[in-house]
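Provided herewith is a single structure, encoded as structure tokens, for subsequent inquiry.
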Amino acid sequence: MDDEDNLAGDPVCYAHKLVGGHIVDEQTFQDVNRFRKSERLRLVEKRKRLSSEERQQKTAALICRLRILPDFEKARKVAAYWPIRGEPDLRSFMAELIDAGKTVLLPVVVRKDAPVEFHRWYPGCKMTRGVWNIPVPAAAEPDIPDVVLSPLVGVDRDGFRLGNGGGYYDRTLAAFPEKPLVIGVGFAFCRIPTIFPMPWDVPMDIVVTEEGANR
């Protein structure tokens, strides 16, 4: 849903104006952006350095943690993601959710700098390349999830997420008429003390790593 550092969120020129309906101090905005870019690069590189075996082991443990979350019992429509840049690959868990009678959705960028849509996915469905070359369902079957699995580059002690820099998750969650349950998923080393949250940042309701879950 997000892309690499060339998508550094809202342009800096917005900083002295309104961003997401909030007045933002320009120097603070620039300082936070620099910090987040540095942390994003560090954490993504650390994730990429995992061996295939390490990544598979950590992902399997993370999926086990997800399976026992009671929140999925009542969930009907779950938004997940297509793994990129070493993110935990949850496609086997997505298939399990479908086998349990739930609808699985993938994020689709329909317009730059706008909320994404969530389109229905199932194993074997025809895929196409979306924005930034990320696979998305070829058939546009949009729906609204009641649970969102949000991939983490980093996450702080208050549940605020460091993503890939595009700002799409926060923009999308803010646009929902009713906020879904948001579950951040990542590897345990993604935890950091703070991302210096800005007024528009949306905290995760639950954070799940291979080491456990916390609310």
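Here's a check for you: in region 148-188, which residue that is modelled with pLDDT under 85 and part of a helix (DSSP H, G or I) is surrounded by the fewest Cβ atoms within 10 Å (Cβ to Cβ)?
Ranking the qualifying residues of region 148-188, first place goes to Ala175.
Looking at region 43-70, which of its residues are surrounded by fewer than 16 Cβ atoms within 10 Å (Cβ to Cβ) and closer than 27 Å to Val109 by Cβ?
Once the filter is applied, which keeps residues that are surrounded by fewer than 16 Cβ atoms within 10 Å (Cβ to Cβ) and closer than 27 Å to Val109 by Cβ, region 43-70 yields Glu45, Lys46, Lys48.
Then there is this: Can you pull out the residues in region 189-215 that are on the phi < 0 side of the Ramachandran plot, outside any loop (DSSP other than H, G, I, E, B) and not polar (S, T, N, Q)?
Of everything in region 189-215, those that are on the phi < 0 side of the Ramachandran plot, outside any loop (DSSP other than H, G, I, E, B) and not polar (S, T, N, Q) turn out to be Phe189, Cys190, Arg191, Pro203, Ile206, Val207, Val208, Ala213.
If you don't mind, another one. If you scan region 113-133, which residues turn out to be farther than 20 Å from Lys77 by Cα and surrounded by 11 or more Cβ atoms within 10 Å (Cβ to Cβ)?
Answer for region 113-133, where residues must be farther than 20 Å from Lys77 by Cα and surrounded by 11 or more Cβ atoms within 10 Å (Cβ to Cβ): Asp113, Ala114, Gly130, Val131, Trp132.
Kindly check whether there is at least one residue in region 91-107 that is touching a His at 6+ places or on another chain (Cβ under 7 Å), within 27 Å of Thr128 (Cβ to Cβ), open to solvent by less than 20 Å² (accessible area, probe 1.4 Å) and touching a residue at least 12 places away in the same chain (Cβ under 8 Å).
Yes, some residue in region 91-107 is touching a His at 6+ places or on another chain (Cβ under 7 Å), within 27 Å of Thr128 (Cβ to Cβ), open to solvent by less than 20 Å² (accessible area, probe 1.4 Å) and touching a residue at least 12 places away in the same chain (Cβ under 8 Å).
Here's the yes/no breakdown for (1) among the hydrophobic types (A, V, I, L, M, F, W, C); (2) more than 20 Å from Leu162 (Cα to Cα):
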residue	(1), (2)
Gln27	no, no
Ser38	no, no
Glu53	no, yes
Ala61	yes, yes
Cys64	yes, yes
Ala80	yes, no
Asp89	no, no
Val108	yes, no
His119	no, yes
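Now, a different point. When residues of region 135-147 are filtered for being in a loop (DSSP other than H, G, I, E, B) and either aliphatic (A, V, I, L, M) or open to solvent by 60 Å² or more (accessible area, probe 1.4 Å) (or both), how many remain?
Count: 5.
The values are calculated or read from the model by the stated rules, or taken from the named source; none is laboratory data. Just so it is clear, the model here is predicted, and its values are computed rather than measured. A quick note on method: Cβ atoms are made from the backbone with ideal geometry, for glycine too, and the neighbour counts reach across all protein chains shown. To get the accessible areas, we keep the full protein, side chains included, count just its heavy atoms, and leave off ligands, DNA and RNA. Shrake-Rupley method; radii C 1.70, N 1.55, O 1.52, S 1.80 Å.
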